[in-house]
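None of the figures in this text is laboratory data; all of them are computed from the coordinates on show. Bear in mind the structure is a predicted one, so any value in this text is a computation, not a measurement. Methodologically, a virtual Cβ is constructed for each residue, glycine included, from the backbone with ideal geometry; neighbour enumeration extends over all protein chains shown.
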Amino acid sequence: MQVVSDDQRKRADALRALHSGPEALVLVNVWDAGSARIVEDLGFPAVATTSAGIAFSKGLPDGQKISPERMMAAVAEIAQVVNVPVTADAEAGYGDGPEHAAETARSVIMAGAVGMNFEDATGRPEQPLADLEIQVERIRAIRECAAEMRVPLVLNARTDVYLLQVGDPAKRYDETVKRLRAYRDAGADCVFVPGILDRKAIGRLVSDLGCPLNILAVPGSASIGELTALGVKRVSLGSGPMRAALGMLRRLGQEVRAEGTYSNMSAAPSHAEMNLLMGKKRSN
């Protein structure tokens, strides 16, 4: 049995508590230690990783194309430099069986994170979503692993019914509710529905699920205030921040090539500011 610190357990409790406050927990997802330090310095109470952003930063596409070892190494680098709780995007658990899900949960905890995103997408066009009974078994395995390690891991169980536009559009809401109720009952602390934008549907989900709901914010989404008013308890930005940073790099490169000027660097933090920020030590 690996030894886990009391501090890590306290971070897990702190992350869980952030899902029950009057305001939604807002997660500006990060992809490396530098982006994590910036988000923490802005005053956000927790840091979430983006699996897509980490994969992109390694020159790989999203969708479990990165090895779990490389993914967890990136999570560990992030967890080591911030004082706030870290929740890790562990994709679909890097394997189809409950044992793979449990091993992924163990790796998340050993990397220093105290939360875990776990999705039901398979990456297989012929069956885009995992079998519901198997997914429930995998969630139970994650819970059992966390209990064995004595870390109250905050499990955010995700369904991609809307994101992947699975099945008849008229039946997607009911399928989403069926899956997320099962995930909740199997031990998920929070449930996640990327790809849904309709405010009425989001409000219905909050009412029908009776547990913390995570929404993915994209351009065109309801504002944080609107989502909070609907009862949403967690709002993630996913790979959006990382892609926005790459978009700024693209605009800068285009300006340099076309104009020979550098105005797109005007919003960048100074070298001295970044040195100071990165020189700060984690307090424990």
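Largest GNM mean-square fluctuation across Ala46, Ala170, Ala182, computed for the chain with C-alpha springs under 10 Å, falls on Ala170. May I ask for log10 I(q)/I(0) of region 18-117 at q = 0.25 Å⁻¹, from a Debye sum over the Cα atoms as equal point scatterers with solvent left out? Each listed q maps to, in turn, -1.33.
Remark: Ser57, Ser107 ranked as Ser57, Ser107, counting other beta-carbon atoms within 10 Å and listing the fewest first.
Ignoring aspartates and glutamates fewer than eight residues from Lys65 along the same chain, the ones with Cα atoms less than 12 angstrom from its Cα are Glu91.
With Cα atoms as the point set, the chain shows a radius of gyration and Dmax of 18.9, 60 Å. Each 5 Å bin, from zero up to the one with the longest distance, holds this percent of the alpha carbon pairs of region 196-284: 2, 11, 15, 12, 11, 12, 13, 11, 8, 4, 1, 0.
When the alpha-carbon atoms of region 171-230 are used, the pair Rg, Dmax equals 11.2, 33 angstrom. Region 219-259 and region 98-123 have their alpha-carbon centroids 26 Å apart. Using alpha carbon centroids, what distance separates region 188-211 and region 34-68, in Å? Using only Cα atoms to place each centre, the spacing works out to 24 Å. When the Debye formula is applied to the Cα atoms of region 197-237, each taken as the same point scatterer, what base-10 log of I(q)/I(0) results at q = 0.34 Å⁻¹? Evaluating at q = 0.34 Å⁻¹ gives log10 I(q)/I(0) of -1.40. Computed on region 34-176, the Cα convex hull volume stands at 120 Å³ per residue.
Angle of helix 132-149 to the longest C-alpha principal axis of the chain, folded into 0 to 90 degrees and rounded to 10: 70°.
Place a label point 7 angstrom from the Cα of Lys200 along the Cα-to-Cβ direction, then list the residues of region 151-194 whose backbone nitrogen is under 16 Å away. The answer is 170-174, whose backbone nitrogens lie closer than 16 Å to the label point. Each Cα pair under 8 Å and six or more residues apart adds its separation to the average, and for the chain the resulting relative contact order is 20 percent.
Put simply, the C-alpha atoms of region 100-185 give a gyration tensor, and the ellipsoid matching it has half-axes of 26, 12, 11 Å, longest first. Residues in region 115-121 carry Karplus couplings, in order, of x, 8, 8, 9, 9, 10, 6 Hz; the curve used is 6.51 cos²θ - 1.76 cosθ + 1.60 with θ = phi - 60°, and Gly or Pro positions show x. Taking every DSSP helix (H) stretch of at least 4 residues in the chain, weighting each as -39,500 (n - 2.57) and dividing the sum by the residue count yields a mean residue ellipticity at 222 nm of -14500 deg cm²/dmol. By the count of other C-beta atoms within 10 Å, a proxy for reagent exposure, Met110, Met149, Met242 are ordered fewest to most as Met110, Met149, Met242. Less than 5 angstrom separates the built amide H of Asn117 from those of Ala88, Asp89, Ala90, Asn156, all sequence-distant by 5 or more or on a different chain.
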